[in-house]
Amino acid sequence: MTHPFRWAPAANERHASRDTAPAGGLYPNGECVETLCGRELSVDNSDIAWLWPTCPDCNQVAHRIAGCPMPPAKKPLLR
């Protein structure tokens, strides 16, 4: 199932946006998108950017849009 949003790394987090993405689904590097958390951010498609943590606000909105409840928070591993 395709959702009406796409993930895009920006501002040191992975954000989601409803902005129209080009064929292939990736926003071009440097393109400004409006994120689900309500910010206007410039996309960073560098290899390392996809490893950034997910924006918690975008994640919450994305789950609501997808009709999928947020999973309970995981307890940190004790080492």
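The values are calculated or read from the model by the stated rules, or taken from the named source; none is laboratory data. These figures come from a predicted structure and were not determined experimentally. Virtual Cβ from ideal backbone geometry, glycine too; neighbours counted across all protein chains shown.
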Subset of region 39-48, residues at pLDDT 95 or above and within 23 Å of Thr2 (Cβ to Cβ), comes to Leu41, Val43
If we scan region 13-27, do we find a residue that is β-branched (Val, Ile, Thr) and touching a His at 6+ places or on another chain (Cβ under 8 Å)? no
From the list Asp44, Asp57, exactly one residue is assigned to a loop (DSSP other than H, G, I, E, B), of a type in the set (Asp, Glu) and either within 10 Å of the chain's Cα centre (by Cα) or surrounded by 10 or more Cβ atoms within 10 Å (Cβ to Cβ) (or both). Which is it? Asp44
Considering each residue of region 6-35, count those that are assigned to a loop (DSSP other than H, G, I, E, B) and surrounded by fewer than 20 Cβ atoms within 10 Å (Cβ to Cβ), and give that number. 15
